[in-house]
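J.: Below: one structure in structure tokens.
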Amino acid sequence: MAKEETKVGMTVKKSEDFSEWYQQLIIKSELADYTKVSGCIVFRPWSYAIWEKLRDEVNSRIKAMGVKNAYFPLLIPESLLTREKEHLEGFTPEVAWVTHAGDTKLDEKLAIRPTSETIMYDSYSKWIRSWRDLPLKLNQWNSVIRWEFKHSVPFLRTREFLWNEGHTVFATKEEAEKEAMDILEMYYDVLGKTMALPGLKGKKVKLETFAGAEYTMSVELYLPNGKAIQGPDSHHDGQIFAKAYDIKFLDKEGKEQYAYQNTWAITTRMLGVMFAIHSDDKGLVLPPAMAPNKIVIVPIIFKDKEKEVMDASRKLVKELAEFDALLDDRDIYSAGWKFNEWELKGVPLRVELGPRDLQNKQVVVVRRDTCEKVTVKMSDLKKKIPEILEDMHDNLYKKAEKLLHDNILEVESWKDFMKGIENQKIVVAPWCEDNECLDNIKHKSGGAKSLNMPFEQKLKKNAVCAHCGKKAKTICRFGKSY
């Protein structure tokens, strides 16, 4: 007797109530769950397996760039955190502190890692002595705690999140700046080729620059709810941390020099961005490269044909092992219920196999992105699947690209600027680079902030700031964001 099928799918449309749709998506597709700790979620096996896909892709690329993985302590003494004043001012509001061990008060407060510059650079100052010790390229895969926010959104905004944090050291500014850009391009490539996500590369304004960096470069993305969100970033730190943590070396001429440094990261926030952009009213939609299983095989069982179909299905799952195929052989659920479940969880391809298919030496393949069904001969299956998966990735990317570019508006006047923000656009406008002007823009527009400044500047001669009318010095992207 079949088990009672009570599992409920999505009940809200993405276009009608994005916030409720997203919350349902995360919970019902078994990506995450809430906990008793405000702002901290459980990464359930499905989402963690997706994170492993992203982690492994980035890991392979940074290793090819000469980066090695390491691990530094979670707890950071207050004395280390305060040695770089600008860094402390940037993170103090977000730091969670350990003050006691049991009932005993600690002699010195310990910060729970908000980021690892301070603990790592104390070691770097001991390890680096000569130009022969450079470059030093280390990366950590870990979690961090940042406590300062009010409204938690799973993956997109949580107090604890997973990430990589790269910390590299060079003898010259030129080497460091080249790597900072190479890293940003690497992240951009991963977003496009692995996650089917287009983004906008650029340089952050000074107020949005990472605490302790000379400048920050980022990839900004656009969500279906009209909000922008920052993706991976790369920071050139110059000699700021080197001077604070005494990271010096003897150059080839025997002269003592301060080193140049970079920091860079991609976080689990990108999973939330990917879920939000690609998924639909049936549930999760995953780009093939990010799916833990690219194929699920669902046998269509009829009386007196069960053994024949199941034997063929077991054989098929072995033949498709390279696609991490799984076989849903549960006999307590109907085929239709299984279809809905795997659609909800976002497996890219569903392969249906019944007695008639077996007789005709074929299967039915269903794409998750378009729900299109195609009949494929078993002899052609291993050739056809990669073609379908590639087309699926391209389709998801093009849809996301259209979403992004349909919501970019170039303006010159404040009237058009406000119209764009009211219509939930990313507004591209000339700006004077004055921080007070930036604050006024945010206040008058109801929260629109600078995103980044395009690397390719197309500032017209005699252009004026779209807000204050002063001489414009740059083109900047603005929008409401997470």
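J.: For the chain, give the share of DSSP beta bridges that are antiparallel, in percent and rounded to the nearest 5; count only bridges with both residues there. Intermediate values should be presented prior to the final figure.
T.: Values: 69 of 83 bridges.
Looking only at bridges with both residues in the chain, the antiparallel portion is about 85 percent.
J.: I would also like to ask the following. Please list log₁₀ I(q)/I(0) at q = 0.14, 0.15, 0.25 Å⁻¹ for the stretch 309-399, using the Debye equation with identical point scatterers on the alpha-carbon positions.
T.: Relative scattering, expressed as log10 I(q)/I(0), comes to -0.50, -0.58, -1.59.
J.: Please compare each pair in K68/K252; K294/K398; K315/K383 to a cut-off of 22 Å on the Cα-Cα distance and tell me which ones are over it. Intermediate values should be presented prior to the final figure.
T.: Working: K68/K252 25 Å; K294/K398 20 Å; K315/K383 17 Å.
Pairs exceeding 22 Å: K68/K252.
J.: Could you list, bin by bin from short to long, the percent of Cα-Cα pairs of the chain in 20 Å steps?
T.: Cα pair-distance distribution for the chain, in percent: 21, 48, 26, 5, 0.
J.: Ok, one more. Tell me the per residue accessible area of the chain using a 1.4 Å probe; a whole number in Å² is fine. Could you put the intermediate results ahead of the total?
T.: Working: 22840 Å² over 482 residues.
That works out to 47 Å² per residue.
J.: Mind checking the dipole of the stretch 98-139: about its Cα centre, +1 per Lys or Arg Cβ, -1 per Asp or Glu Cβ, Debye to the nearest 20?
T.: Computed about the Cα centre, the dipole is about 260 debye.
J.: Just grab the label-to-label distance for M181 and S334, each label 7 Å out from Cα along the Cβ direction, in nm (one decimal).
T.: So the two model labels end up 6.0 nm from each other.
J.: To continue, here is another question. Would you calculate a helix-derived [θ] at 222 nm for the chain, using -39,500 (n - 2.57) for each DSSP H run of n ≥ 4 and dividing by the full residue count, to the nearest 500?
T.: -10500 deg cm²/dmol
J.: Highest mean first, what order results for 417-428, 308-319 on Cβ atoms within 10 Å?
T.: 417-428, 308-319
J.: Quote the charge dipole size of the chain about the Cα centre in Debye, to the nearest 20; the model charges only the Cβ of Lys and Arg (+1) and of Asp and Glu (-1).
T.: 640 debye
J.: How much length, in nm to one decimal, is gained on full extension between V464 and K373, taken as 0.36 nm per residue of separation minus their Cα-Cα distance?
T.: 27.3 nm
J.: What do you get for Rg/Rh over the stretch 358-473 if you use C-alpha atoms and the Kirkwood form of Rh?
T.: On the way: Rg = 23.8 Å, Rh = 18.0 Å.
Looking at the stretch 358-473, the ratio lands at 1.32.
J.: So what's the Cα pair-distance distribution over the stretch 232-318, bin width 5 Å, in %?
T.: Going out from 0 Å in 5 Å bins, the stretch 232-318 shows 3, 10, 10, 10, 8, 8, 8, 7, 7, 6, 5, 5, 4, 4, 3, 1, 1, 0 percent.
J.: Now for a separate question. What nm value, rounded to one decimal, do you get for the distance between W141 and K442 when each label is placed 7 Å out toward the C-beta?
T.: With each label point 7 Å from Cα toward Cβ, the separation is 3.5 nm.
J.: Quote to one decimal, in nm, the extra length available between E433 and K305 on full extension: 0.36 nm per residue of separation minus the C-alpha distance between them.
T.: Between E433 and K305, full extension yields 38.8 nm more.
J.: Could you tell me what fraction of 2.2 N^0.38 Å the Cα radius of gyration of the stretch 399-460 comes to, as a two-decimal ratio?
T.: The stretch 399-460 yields a ratio of 1.14.
J.: Roughly what would the spin-label model give for L326 and C40, points 7 Å off Cα along C-beta, in nm?
T.: 2.7 nm
J.: How large is the charge dipole for the stretch 315-361, taken about the Cα centre, if only the Cβ atoms of Lys, Arg (+1) and Asp, Glu (-1) carry charge, to the nearest 20 debye?
T.: 140 debye
J.: What length, rounded to one decimal in nm, is gained on full extension from E319 through to V12, with 0.36 nm per residue of separation minus their alpha-carbon distance?
T.: Between E319 and V12, full extension yields 106.7 nm more.
J.: Once the stretch 40-141 is represented by equal point scatterers at the alpha-carbon sites, with solvent omitted, what log10 I(q)/I(0) does the Debye formula produce at q = 0.16, 0.20, 0.23, 0.24 Å⁻¹?
T.: Debye output, listed in q order: -0.95, -1.13, -1.19, -1.21.
J.: Need one number: convex hull volume per residue for the stretch 91-213, Cα atoms only, in Å³.
T.: 170 Å³
J.: What whole number of Å gives the distance from the Cα centroid of the stretch 190-218 to the Cα centroid of the stretch 400-467?
T.: 17 Å
J.: Between D56 and K399, what's the calculated FRET efficiency when r is the beta-carbon distance and R0 is 25 Å? Round to 0.05.
T.: Rounded to the nearest 0.05, the efficiency is 0.50.
The values are calculated or read from the model by the stated rules, or taken from the named source; none is laboratory data. Since the model is a prediction, treat every value here as computed from it, not as a measurement. Positions of Cβ are generated from backbone atoms using ideal geometry, with glycine treated the same way; all protein chains shown enter the neighbour counts. The area values use the complete protein model at the heavy-atom level, side chains included, leaving out ligands, DNA and RNA. Shrake-Rupley method; radii C 1.70, N 1.55, O 1.52, S 1.80 Å.
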